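S.K.: Before I ask anything, let me first share the structure, which is written out below as structure tokens.
The values are calculated or read from the model by the stated rules, or taken from the named source; none is laboratory data. These numbers come from a predicted model, not from an experiment. Because the Cβ atoms are built from the backbone with ideal geometry, glycine has one as well, and the counts that use them run over all protein chains shown. We work out accessible area using only protein heavy atoms, side chains counted, and drop any ligands, DNA or RNA first. Shrake-Rupley method; radii C 1.70, N 1.55, O 1.52, S 1.80 Å.
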Amino acid sequence: MRYRELGRSGLSVSEIGYGAWGIGESSWVGATEDESVRALRRAVDLGVNFIDTARGYGESERIVGRVVRELAGDEVYVATKVPPKNRVWPAPAGLDPAEAFPGEHIRTSLETSLRASGLDHFDVLQLHAWSDDWVGRGDWLETIAELKREGKIRLFGVSVNDHEPDSALALVRSGVVDSVQVIYNVFDQAPADTLLPACEEHGVGVIVRVALDEGGLTGRITADTTFPDGDWRHRYFRGDRPAQIERRVAAIVDDLGIGTGEIAEYALRFVLSSPAVSTVIPGMRSVRNVERNTALSDGRPLTADQLTVLAEHRWERNFYS
């Protein structure tokens, strides 16, 4: 496993991290706690030292905390998130920060997360939505500073609105944030335009989510793919979206001259090709996925020609809407 600095924080994190949304048994059908625990343990065995969870991920915080406490001899960094008090995602422009993230709500959410996980602190506390309208307004920043002084959190971050990377530019430039979590993948390359350079300039760590487009960049989504009711992907991949994905992936595979089964590898290597990226956090609900994804941390970058090919497959759309 190779490691990268999380911005100016002083933390060295595994470039392949662990996205723990899928193990919470709330939005992804098929997760089991036993398999999730095995996958988490195997990830740490293979050098993963950064795990991302959230208050809104069902049982995820409890499961992550259980494993981290059992692996007390290993230094593992855990990030969690505070949901907006008004439960509105993404954060709309013009919203008063007191409606989404008043200081009292941030503290209460964190205390709940600490109890659920059994941990005595989190290494990164992230707001699970963000609007640059909030810079310099509200009492969220004072609360974050207090929680740092109390030792309950080490770093402060935000999870940037889906497909809106520029919505956190003012925050990054303000110097008060330690990390941002953002969607960045072969299809959504927009963060590379402005946000990633700004993070490099200001020493802000970058945590990349949805690097595999919720499964779209794995080669396993075809026109006939369906998901059961209760699985949030039933909505994400509704209508003709699986067919769209299949066509787009086929075009990438043809242009790169690779097999369909190799596209996940190229998708993750594409993300890691950016020096601004600190860690990428694919969801890994099985030991097999852990072993496959961590094996990519081998220092072998994509070639300039391959990156040029992938740059041509930028696709502006929002399947969350």
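S.K.: Output the residues belonging to region 221-232 that are open to solvent by 20 Å² or more (accessible area, probe 1.4 Å), modelled with pLDDT under 95 and either of a type in the set (D, E, K, R) or under 20 Å from the mean Cα position of the chain (by Cα) (or both).
M.R.: D229, W232
S.K.: Moving on to the next point. Can you run down the residue pairs with Cβ atoms below 9 Å, 6 or more apart or on separate chains, where the first is in region 278-289 and within 12 Å of A31 (Cα to Cα) and the partner is assigned to a strand (DSSP E or B) and hydroxyl-bearing (S, T, Y)?
M.R.: These pairs meet every condition: G283/Y18; M284/Y18.
S.K.: Give the residues of region 188-198 that are in contact with a helix residue (DSSP H, G or I) (Cβ under 6 Å, 6 or more places away or on another chain) and either touching a residue at least 40 places away in the same chain (Cβ under 8 Å) or open to solvent by 60 Å² or more (accessible area, probe 1.4 Å) (or both), sorted by residue number.
M.R.: Correct list: A190 only.
S.K.: Still on this model: Looking at region 294-314, which of its residues are in a loop (DSSP other than H, G, I, E, B), surrounded by 15 or more Cβ atoms within 10 Å (Cβ to Cβ) and in contact (Cβ under 8 Å) with a residue 40 or more places away in the chain?
M.R.: Listed by number, the residues that qualify are L296, S297, H313.
S.K.: Based on what the data block shows, is A72 within 24 Å of A129 (Cα to Cα), among the small types (G, A, S) and in a loop (DSSP other than H, G, I, E, B)?
M.R.: Working: within 24 Å of A129 (Cα to Cα): no; among the small types (G, A, S): yes; in a loop (DSSP other than H, G, I, E, B): yes.
Here the answer is no, as A72 does not meet what is asked.
S.K.: Scan region 211-219 and tell me whether some residue there is farther than 18 Å from D188 by Cα, modelled with pLDDT of 95 or more and either open to solvent by 20 Å² or more (accessible area, probe 1.4 Å) or part of a helix (DSSP H, G or I) (or both).
M.R.: Just the residues of region 211-219 that are farther than 18 Å from D188 by Cα, to begin with: none.
Checked against the condition, which is being farther than 18 Å from D188 by Cα, modelled with pLDDT of 95 or more and either open to solvent by 20 Å² or more (accessible area, probe 1.4 Å) or part of a helix (DSSP H, G or I) (or both), region 211-219 yields no hits at all.
S.K.: Got a number for residues in region 46-59 being within 12 Å of W21 (Cβ to Cβ), at pLDDT 95 or above and in contact with a Gly (Cβ under 6 Å, 6 or more places away or on another chain)?
M.R.: Result for region 46-59: 1.
S.K.: Out of (1) farther than 27 Å from A276 by Cβ; (2) hydroxyl-bearing (S, T, Y); (3) touching a residue at least 60 places away in the same chain (Cβ under 8 Å), what's the single condition that is false for S9?
M.R.: Checking S9 against (1) farther than 27 Å from A276 by Cβ; (2) hydroxyl-bearing (S, T, Y); (3) touching a residue at least 60 places away in the same chain (Cβ under 8 Å), the one that fails is (1).
S.K.: Residues being touching a strand residue (DSSP E or B) at 6+ places or on another chain (Cβ under 6 Å) and either among the acidic types (D, E) or farther than 20 Å from A43 by Cβ (or both): count how many of those fall in region 62-95.
M.R.: Residues that pass the stated criteria total 1.
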